[in-house]
Amino acid sequence: MQVVTYEMLVQEEKNRQVARAIFTGLAAAGNTYSASQAGYGSYTTPSGRTGAFYSPTAAAIAQGNAAAQNDAMVAATVEAGQRNMAALEQSVIKDNTLMSGEWYGGQLHLAPPTDQAGGAKTYTIVITVGADRHVIDIAQGPAGA
């Protein structure tokens with residue numbers, strides 16, 4: 001059974017933040033490119049004559065909208081990363097988190113057995129806190145059994 005440390009959780013969140021930043025950057029680049037193409041158009045007259053035009057007003061409006069949308073996307077990405085790190089900080093117990101006489105509860109989740117040979121798996125978890133030793137015996141069968 002793998003023990004996931006606080007440092008591992010922080011690194012995992014940092015990796016997610018980098019991925020979100022890359023995807024946000026790609027989305028912003030696409031948004032900026034689309035806005036740069038705004039203002040260009042073509043027309044066809046009733047007589048069949050065709051032509052092209054450029055509207056600097058339409059281009060300026062589209063580029064302003066894209067800049068505002070990009071700013072909002074980047075701000076939301078940064079805020080989500082900060083919120084996730086704060087939640088991680090609050091949910092992990094550290095050696096200096098508890099004062100004398102305080103307690104903290106939690107849950108331990110074990111994945112179901114991966115070898116579906118039909119037999120149950122047994123685990124023994126030993127937790128030592130100071131002079132106290134806690135032994136937890138677990139018997140776990142395949143999912144659906």
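The values are calculated or read from the model by the stated rules, or taken from the named source; none is laboratory data. These numbers come from a predicted model, not from an experiment. Neighbour counts run over all protein chains shown; Cβ positions are idealised from the backbone, glycine included.
Would you pick out the residues in region 84-93 that are of a type in the set (S, T, N, Q) and in contact with a Lys or Arg (Cβ under 9 Å, 6 or more places away or on another chain)? Listed by number, the list holds a single entry, N84. In region 67-83, how many are touching a Lys or Arg at 6+ places or on another chain (Cβ under 9 Å) and either among the basic types (K, R) or surrounded by fewer than 15 Cβ atoms within 10 Å (Cβ to Cβ) (or both)? Of the residues in region 67-83, 1 are touching a Lys or Arg at 6+ places or on another chain (Cβ under 9 Å) and either among the basic types (K, R) or surrounded by fewer than 15 Cβ atoms within 10 Å (Cβ to Cβ) (or both). For region 23-54, filtered to residues that are among the hydroxyl-bearing types (S, T, Y) and either more than 32 Å from the chain's Cα centre (by Cα) or not assigned by TED's automatic domain parsing to the domain that holds A68 (or both), the residue that is surrounded by the fewest Cβ atoms within 10 Å (Cβ to Cβ) is S47. Among the conditions (1) among the hydrophobic types (A, V, I, L, M, F, W, C); (2) within 16 Å of Q82 (Cα to Cα); (3) surrounded by 11 or more Cβ atoms within 10 Å (Cβ to Cβ), A19 misses just one, which is (3).
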